[in-house]
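This report refers to the structure that appears directly beneath it.
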Amino acid sequence: MKNAFYAIFDRLYSFFGPQHWWPADSPFEVTVGAILTQNTNWSNVEKAINNLKKRNLLSADKLHRLSKERLASLIVPVGYYNIKAKRLKEFLGFLLKGYQGNIKKMSLMDTLLLRQQLLAVNGIGPETADSILLYALNKPIFVVDAYTKRILLRHRLIKENDDYVQIQNLFMQNLKPEVKLFNEYHALLVRLGKEICLKNRTKCDVCPLNSLKNN
């Protein structure tokens, strides 16, 4: 199993090259993006974040002081903006109360304890929590999303009813716990899922993993 997971990574890296993900100017921006990207594409998140940047609002204190209505009006491009404004405000309250708004201070916490804290914040699920931990805080934890599940399922590495934790454990148990590796691996799976291993059709003839499918 370990060989299979490294083989997938090697094929994807050779095919796509480094992904330089997560695109952001600061860990706080990554965190905001992780919350806003739920159920939308990244181009919409960029528009919303640019709205905040233009108004010099991309800080925990400033965003927390905004009303939910005002915040929602600035993040309209991401869709479900009222819900996401509420979720972002919940996180900001957690960050300010527990860590004085300091992402660096939050990063000093034990990974599993911090994960439990994040999951206790209303609106933050496993994928969002792990994205914050990996991409913003440089914690070695693997992010699982719909692309990951789709690709592994098609390559018969998981079963249809395997849950988030089961899939995550496959990566955690078969790869070295390295932030750079987990970061690049997840980004490559997303790239494959968006461009080749599509939801309703596949492009197996050009897939770098094609020869691994029936192994």
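The values are calculated or read from the model by the stated rules, or taken from the named source; none is laboratory data. Worth saying up front: this structure is predicted, and the values here are computed from it rather than measured. As a convention, Cβ positions derive from the backbone with ideal geometry for all residues, glycine included, and neighbour counts pool all protein chains shown.
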So is SER131 among the hydroxyl-bearing types (Ser, Thr, Tyr), surrounded by fewer than 14 Cβ atoms within 10 Å (Cβ to Cβ), on the phi < 0 side of the Ramachandran plot and out of contact with any Leu (no Cβ under 6 Å at 6 or more places or on another chain) or not?
-> no
So, first residue more than 20 Å from GLU46 (Cα to Cα) in region 14-29, second residue part of a helix (DSSP H, G or I) and among the charged types (D, E, K, R), Cβ within less than 8 Å, six or more apart or across chains; the pairs are PHE16/ARG191; PRO18/GLU184
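Here is a yes/no grid of residues against (1) surrounded by fewer than 14 Cβ atoms within 10 Å (Cβ to Cβ); (2) at pLDDT below 95:
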residue: LYS149; (1), (2): no, no
residue: HIS155; (1), (2): no, yes
residue: ASP163; (1), (2): yes, no
residue: LYS176; (1), (2): yes, no
residue: LYS180; (1), (2): yes, no
residue: GLU184; (1), (2): no, no
residue: ILE196; (1), (2): no, no
residue: ARG201; (1), (2): yes, yes
residue: ASN210; (1), (2): no, yes
